[in-house]
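The values are calculated or read from the model by the stated rules, or taken from the named source; none is laboratory data. For clarity, every value in this text was computed on a predicted model and none was experimentally measured. Glycine gets a Cβ as well: all are built from the backbone with ideal geometry, and neighbour counts include every protein chain shown. These area figures cover heavy atoms from the full protein model, side chains too; ligands, DNA and RNA do not enter into them. Shrake-Rupley method; radii C 1.70, N 1.55, O 1.52, S 1.80 Å.
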Amino acid sequence: MDNKEISQAVIGRLPRYFRFLGELKDEGVERISSQELSDIMNVTASQIRQDFNNFGGFGQQGYGYNVEYLYEEIGRILGLDKTHNLIIIGAGNLGQALANYTNFERRGFLFKGIFDCNPSLHGKRIRNMKIMPMEQLEDFVKANEIDMAVLTIPKASAVKVAGRLSGTGIRGIWNFAHVDLNVPDGIQVENVHLSDSLMKLAYNINRFDNETLSCFDSGFIDEK
């Protein structure tokens, strides 16, 4: 595969391909065409082929795609053929919920520690981890080869914590704080704004309601 720039839109679809292919593999499906995958995923067959061509294609003319091979290759592209050591910073409700979500481990994401600035939480256990004070953050990251940090803290604290992480060798930050982080180029940041997603849902509901009302207003309803 060439070292060409892949669009974020394509990258954003890869986890969905991986999930659907995993389900097909578990169901015993051995091969699938782009059109069959299109019907399942509600993505056009042309878009699927274009996406896969960014990474070499994977298919054969007249045969389609080998499901298990394609699943493994997309997993490799996503970096799921290796394990990733993570820490959580922020032991509130969201941080605890993420720590207790065991499905991450199936994908190779291993939580190694959880930190919080609240002394009353220090020493308490979440699954197999003790909540640790922030003073131990840098030493723990370096000693345990942590490559990802999950931030579930207020935005005022997130900027400062991101700065501290920048000097530890961390590779990525999964950021749930409502703030854009300024980090060195070698650190990748994935922002998750839960309220943005909820507002998008509200917009789509509102748009659907308005379209339905416009049908009524246009006289499509036959009043007897």
Out of everything in region 37-67 that is open to solvent by 70 Å² or more (accessible area, probe 1.4 Å) and farther than 18 Å from Pro15 by Cα, what residue ends up being modelled with the highest pLDDT? Tyr63
Of all the residues that make up region 148-187, how many are closer than 16 Å to Phe115 by Cβ, part of a loop (DSSP other than H, G, I, E, B) and in contact with a strand residue (DSSP E or B) (Cβ under 8 Å, 6 or more places away or on another chain)? 5
Checking Leu80 against (1) open to solvent by 60 Å² or more (accessible area, probe 1.4 Å); (2) farther than 20 Å from Phe176 by Cα; (3) not in a strand (DSSP E or B), only one condition comes out false. Which one? (1)
Close pairs (7 angstrom Cβ cut-off, 6 or more residues apart or separate chains): closer than 20 Å to Ser7 by Cβ in region 25-54, assigned to a strand (DSSP E or B) and acidic (Asp, Glu) anywhere: none
Considering every residue within region 62-77, establish whether at least one is under 29 Å from Phe109 (Cα atoms) and in a loop (DSSP other than H, G, I, E, B). no
Going through region 156-214 in order, the residues found to be in contact (Cβ under 8 Å) with a residue 24 or more places away in the chain and charged (D, E, K, R) are Arg164, Arg171
